[in-house]
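Taking it in order: structure first as structure tokens, then the write-up.
The values are calculated or read from the model by the stated rules, or taken from the named source; none is laboratory data. This structure is a prediction, so every number in the text was calculated from the model and none was measured. Because the Cβ atoms are built from the backbone with ideal geometry, glycine has one as well, and the counts that use them run over all protein chains shown. For accessibility, only protein heavy atoms count, side chains too; no ligands or nucleic acids. Shrake-Rupley method; radii C 1.70, N 1.55, O 1.52, S 1.80 Å.
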Amino acid sequence: MEQTYPVVLLYHTPEGVLKRLTPLLRQQGISVRVIRKELYTVPLEMLLGLKQPDKILQNPGIELPEPMLVMHGMSPEGVDAVLKLLRENKIRIDLKAVTTPTNLSWTALQMFAELQREREAFRKQGK
């Protein structure tokens, strides 16, 4: 059985946000990994060290248009604690996700596209 550990992957996060958020997460015992755009085509499971790298497509230089945060290895209470930490410190990252057995094989670009689809579906429901 794989060992899970609390980690947050951060994508396209402004430097000021990183400087505020990283120490807050580490104080909670959460590892932080800032993912460069060159790694946006690497599946989450490889970034997390859960699977050995195989053939990886090179990112053609695509940058995400906004920040994204992905949580891994956290209990529901741990996820709630991260969300509370973001709210209390007025750190806004609209696109947030938790890893699942299904999305661990996704790349950042796939995760971003799915989160955008979900956000649009919520917007349509709210109308």
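Only helical runs count toward this figure. For the chain, summing -39,500 (n - 2.57) over DSSP H runs of n ≥ 4 and dividing by all residues gives -12000 deg cm²/dmol at 222 nm. In the context of the full set of protein chains, the chain has a per residue accessible area of 62 Å² (1.4 Å probe). Farthest towards the positive end of the charge dipole of the chain, among the residues L48, V70, Q116, is the Cα of Q116, using unit charges on the Cβ of Lys, Arg, Asp and Glu.
Looking at the range 5-105, which GluC sites (Glu not before Pro) are DSSP coil and have at most 14 other C-beta atoms within 10 Å of their C-beta? Listed in order of number, the matching sites are E63.
Using C-alpha pairs below 8 Å separated by at least 6 residues, the relative contact order for the chain is 31 percent.
Take every DSSP beta bridge whose two residues both sit in the chain; close to 35 percent of them are antiparallel. Reducing the range 64-109 and the range 3-31 to their Cα centroids gives an inter-centroid distance of 10 Å. Diffusion of the chain by Stokes-Einstein, at 4 °C in a medium of 1.567 mPa s and with Rh set to the Kirkwood radius over alpha-carbon pairs, works out to 85 µm²/s. Surface composition of the chain: carbon and sulfur make up 53 percent of the accessible area, probe 1.4 Å.
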